[in-house]
Structure formats: structure tokens, C-alpha cells
Amino acid sequence: MKHPTRTALALAGCVTVLAACSTEDPNASGGGGGADGDVRTGSGVTDDTITVGILTDLSGPFSATASTQAAVMQAYWQQANADGGVCGRTVEVDVQDHGYDPQRAVSLYRSMAPEVAAFQQILGSPINAAVNPLALEDDLYVGGVGWASVSLDFPNVQVPGTTYSVEAANAIDYLVDEQGLAEGDKVGVVYFVGDYGSDSLAGARHAAEDHGLEIVPQEITPRDTDLSAQASALQQEGVSAVILAAAPAQVASLAGVLGAQGTDVPIIGHAPEWTGSLLETPAGPTLLDNFYLVSSSAPYSADVPGAQQAVEGYRAADPDGAESWEVPLAWGEAILLRTALENACEAGDLTPGGIVAGMQETTDLDTDGLFAGTLDYGEPGEPPTRTVYLSRPDDTLPGGMRLETTLEGPNAQSYSFD
């Protein structure tokens with residue numbers, strides 16, 4: 001028996017939220033009448049539907065990016081259902097808003113977990129810190145978690161690409177190989193303390209030690225939106241480049257101040273700190289000249305089949321939606337979950353544990369360029385790839401970013417997660 005349909009959350013510019021529940025026991029093992037008539041099922045799976053959850057931030061500090069990602073994922077599953085669904089079933093999406101409150105997220109997780117087969121996304125580092133251990137206990141698949149290395153500690157969590165640490169190690173290798181940095185040069189690392197920024201710092205330090213570079217760390221918090229002091233400190237230290245692990249507000253401030261000071265050095269950042277609107281700020285000229293982005297997923301305008309399909313699919317559902325890096329990312333994350341579901345169906349086990357196993361059986365996955373390199377989730381505790389994209393700002397392109405090349409440097413390869 002199904003519960004009544006949940007109330008859809010209103011998302012500006014988004015397709016309608018599909019919401020359904022199942023009262024099946026999470027540990028159920030009876031036949032579910034799957035595509036081949038012999039599939040074990042558990043929570044969130046009926047004879048006709050598979051319900052997946054999105055636990056995200058629709059009313060807090062990341063509401064804009066979260067709303068875009070949720071809408072893209074819903075557009076993907078709407079298209080997948082039109083093409084026949086998964087394992088003979090329609091995939092339904094239950095979206096809930098935690099407002100970036102870990103306590104609220106835990107409460108929502110507990111109410112959703114018995115009703116979903118997997119979590120398509122659980123957004124936010126503090127949210128993941130609170131919820132991922134619970135999902136591990138429940139043997140529930142979790143996707144859409146970002147790129148912090150700590151996620152590798154959870155074998156039920158699917159990291160969409162590589163980690164911030166590997167991205168930063170690739171950045172240092174690139175600075176040496178392509179930008180001419182040499183032994184004794186200094187690299188500033190301006191970073192949020194926590195799973196995001198500290199991970200980036202660790203990767204940068206690993207590669208810098210190998211190349212004989214000196215790291216000049218500058219800790220900041222999300223409340224620090226005027227980075228004049230940090231920019232001045234980096235100028236006084238005579239840095240030859242900067243790695244930034246923060247948010248768009250910090251990018252605008254640091255690049256703007258460095259440009260005003262005449263500090264003409266490369267600035268390399270990660271995906272969460274980019275938005276095309278940065279090019280409309282006073283920092284725009286400096287960003288066009290000096291900014292580089294290392295990321296696991298392709299930018300919005302990337303000339304690769306996967307990104308083009310993502311944009312076309314999202315545009316069909318929401319013609320006025322955001323033109324941002326979240327579009328290829330969220331589309332790719334939905335493909336990752338679909339692959340895990342299809343593997344589980346083929347194995348005849350659509351229980352939560354069967355879906356986690358389906359994720360772990362995903363090896364040598366080619367996403368047509370949505371993610372850099374092929375993805376291999378067969379070794380728990382290791383990222384599925386160590387290849388990243390390098391992109392540059394371009395104010396003539398939607399999303400403001402141009403894909404340049406892929407990187408996989410020696411220190412990205414040697415970075416250890418032990």
C-alpha cells in the first residue's frame with residue numbers, strides 16, 4: 001500500500017517534483033515483479049516505481065545552486081521515465097529542504113530513509129557529516145555529496161569524480177609544467193577551514209613538497225568576504241600563484257584586490273567558487289586574465305557530447321533555467337545513480353544494499369565527457385578517477401567558462417588517502 005503523495009516543493013523554474021512513498025520493509029527480500037519478474041526489492045521500490053530522495057538546501061545559503069541541481073535531476077528522471085524507466089519501473093523523486101540545518105537534515109533523513117531506495121543527493125558538507133554515518137548504518141546509497149575526501153570513508157557514498165585534494169595536486173603540477181613555477185617559488189593557498197578547503201590544502205602541500213615549492217596558507221571563513229588582508233599578505237610573500245578553495249564572494253574579493261595591487265599571478269579555483277556573474281564584477285578583467293578552474297565535471301558550455309545532452313535535456317524541461325556548471329554535474333550524478341540501479345536490477349537485487357553493490361560494480365564508466373576520464377568505483381576508499389578538467393573564463397560563452405584540457409599529473413596520481 002502507498003502513502004498519500006507528498007506535497008511538492010515549489011521550485012522556481014523547475015519541473016514538477018514527483019513524490020511517492022513505499023511502505024515496504026527496508027530489509028524485505030521478496031520478489032518485486034521486476035523487469036525479469038525475479039528481482040528482490042526493499043524500501044522505496046514497488047512493482048511499478050522506484051523512489052529516490054533528494055535532501056537539499058532550498059531555503060538556506062546555497063538555495064540557488066541547490067534548486068538548479070534538483071531541477072536538473074528531476075528533468076533527467078522525467079526523460080528516463082519517458083524512455084521506459086529503470087528495471088520496468090518509473091523513477092519518482094522526493095525532494096525535501098533541510099535549509100542547511102544539520103539537525104533538520106537528520107530528522108528529514110530519518111523520515112525519508114524507510115521510503116526511498118537511494119538518495120540521489122544529500123547536499124552540504126555539514127549535512128553530509130551528520131547524515132552519512134546514518135546512511136552507512138542503513139546501507140543506503142548516497143550521491144551528490146561533492147568532492148571532499150572524507151566521503152571516501154563511506155563505501156555507500158558515490159563521489160562524482162575525484163576529490164578536492166587530487167584537484168589541487170593537479171593544479172600544482174600544472175603550475176610547474178605549464179606556468180613555469182620552479183623550486184623555491186611560493187604558492188598561496190587561501191582556503192575555508194573544513195572538509196572542502198583543508199582537503200584542497202592537503203593536496204597542494206603534497207604536490208608542492210615534491211616540486212620543492214613553498215606553500216603560504218591563508219585561512220578564511222565563509223564570513224570573510226573582504227580578502228584585502230590576505231591579498232596583501234600574499235603580495236608581501238612574493239607568491240607566484242594562488243590556489244583558492246572558497247566561494248564566489250571570496251573569488252571576487254581576492255581577484256579584485258590582487259588585480260588592483262598589480263599582482264599578476266595565476267589563480268586556480270574549484271567548481272563551487274565559480275559563477276558566470278563574477279565576470280560582471282570589478283574583478284572580471286583579472287579573472288579573464290588570470291583565473292583557472294580545476295573541476296571533476298565539465299563546464300556548462302563544454303563541447304563534449306555529455307554536457308551538450310545535459311543542457312538540451314534541461315532546456316527542454318526549463319528553457320529559462322540557470323546556465324551554470326551545476327547542469328552537467330547534476331545530470332551526470334543522475335546517470336551515476338541510474339547505472340547503479342541498472343546494475344542492481346541485472347543482479348536481481350533492488351534492495352538498498354543491492355543498489356550500493358550496483359554502484360561498487362560500476363567500473364570503466366564513460367559519461368561522454370560529463371566527468372573527466374572514465375570512472376571506476378570498484379575500489380572503496382579510492383576516488384573513481386584522478387583526472388580533472390582545466391577551464392578558463394570566457395565572457396562570450398554561456399556559463400562564462402571555456403573547457404581547455406584534462407589534467408592528471410604525477411602528484412595527483414601519487415596522492416594517498418591512507
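The values are calculated or read from the model by the stated rules, or taken from the named source; none is laboratory data. None of these values were measured; they are calculated from a predicted model. FYI the Cβ positions are ideal-geometry reconstructions off the backbone, even for glycines, and counts take in every protein chain you see.
Which condition breaks for residue 219 when tested against (1) assigned to a helix (DSSP H, G or I); (2) surrounded by fewer than 23 Cβ atoms within 10 Å (Cβ to Cβ); (3) not small (Gly, Ala, Ser)? Here residue 219 clears every test but (1). The condition of being at positive phi and either outside any helix (DSSP H, G or I) or touching a Leu at 6+ places or on another chain (Cβ under 6 Å) (or both) holds for only one of 395, 368, that being 368.
Filtering 263, 275 for residues that are out of contact with any Gly (no Cβ under 7 Å at 6 or more places or on another chain), farther than 23 Å from residue 397 by Cβ and either not aliphatic (A, V, I, L, M) or not assigned by TED's automatic domain parsing to the domain that holds residue 172 (or both) leaves a single hit, 263. Scan the stretch 92-105 for residues that are closer than 18 Å to residue 78 by Cα and either charged (D, E, K, R) or without any contact (Cβ under 8 Å) to a residue 60 or more places away in the chain (or both) and the total you get is 2. Among the residues of the stretch 148-183, those that are polar (S, T, N, Q) and either buried (at least 19 other Cβ atoms within 10 Å of the Cβ) or in contact with a Cys (Cβ under 7 Å, 6 or more places away or on another chain) (or both) comprise 149, 151, 156, 158, 162, 163, 165, 170. Of the residues examined, residue 307 is one that is under 25 Å from residue 273 (Cα atoms) and in contact with a helix residue (DSSP H, G or I) (Cβ under 8 Å, 6 or more places away or on another chain).
Yes or no: residue 376 in the same structural domain as residue 151 (by TED's automatic domain parsing), modelled with pLDDT of 95 or more and of a type in the set (D, E, K, R)? When the stated conditions are applied, residue 376 passes them.
Please go through (1) more than 24 Å from the chain's Cα centre (by Cα); (2) among the charged types (D, E, K, R); (3) not in a helix (DSSP H, G or I) for residue 224 and return the number of the only condition it doesn't satisfy. The failed condition is (1).
Of the residues that make up the stretch 243-250, is at least one polar (S, T, N, Q), farther than 18 Å from residue 198 by Cα and assigned by TED's automatic domain parsing to the domain that holds residue 215? Checked against the condition, which is being polar (S, T, N, Q), farther than 18 Å from residue 198 by Cα and assigned by TED's automatic domain parsing to the domain that holds residue 215, the stretch 243-250 yields no hits at all. Being more than 25 Å from residue 173 (Cβ to Cβ), at pLDDT 95 or above, buried (at least 21 other Cβ atoms within 10 Å of the Cβ) and not assigned by TED's automatic domain parsing to the domain that holds residue 398 is a property that residue 322 lacks. Exactly one residue out of 304, 327, 251 is closer than 23 Å to residue 185 by Cα and modelled with pLDDT of 95 or more: that is 251. Within the stretch 36-66, the set of residues being in a loop (DSSP other than H, G, I, E, B) and of a type in the set (Val, Ile, Thr) comprises 39, 46. Just give me the residues in the stretch 315-361 being in a helix (DSSP H, G or I), within 17 Å of residue 145 (Cβ to Cβ) and of a type in the set (A, V, I, L, M, F, W, C), in sequence order. Answer for the stretch 315-361, where residues must be in a helix (DSSP H, G or I), within 17 Å of residue 145 (Cβ to Cβ) and of a type in the set (A, V, I, L, M, F, W, C): 329, 330, 331, 334, 335, 336, 337, 340, 355, 356, 359. Looking only at residues of the stretch 329-365 that are of a type in the set (Gly, Ala, Ser) and under 13 Å from residue 76 (Cα atoms), we find that the one that is farthest from the chain's Cα centre (by Cα) is 334. Restricted to the stretch 67-94, and to residues there that are part of a strand (DSSP E or B) and touching an Asp or Glu at 6+ places or on another chain (Cβ under 8 Å), the residue that is nearest to residue 146 (Cα to Cα) is 94.
Listed by first and then second residue, the pairs linking a residue in the stretch 271-290 that is more than 15 Å from residue 257 (Cβ to Cβ) to a residue that is assigned to a loop (DSSP other than H, G, I, E, B), with Cβ atoms under 6 Å apart and 6 or more places separating them unless they lie on different chains, are 271/325; 273/246; 273/247; 279/395.
Among the residues making up the stretch 277-298, those that are out of contact with any helix residue (DSSP H, G or I) (no Cβ under 6 Å at 6 or more places or on another chain) and surrounded by 19 or more Cβ atoms within 10 Å (Cβ to Cβ) are 284, 290, 291, 292, 293, 296. Reported count of residues in the stretch 208-232, each being out of contact with any Phe, Trp or Tyr (no Cβ under 8 Å at 6 or more places or on another chain) and within 19 Å of residue 182 (Cα to Cα), is 9.
Can you name every residue in the stretch 402-418 that is within 14 Å of residue 161 (Cβ to Cβ) and out of contact with any Lys or Arg (no Cβ under 9 Å at 6 or more places or on another chain)? Those that are within 14 Å of residue 161 (Cβ to Cβ) and out of contact with any Lys or Arg (no Cβ under 9 Å at 6 or more places or on another chain): 406, 407.
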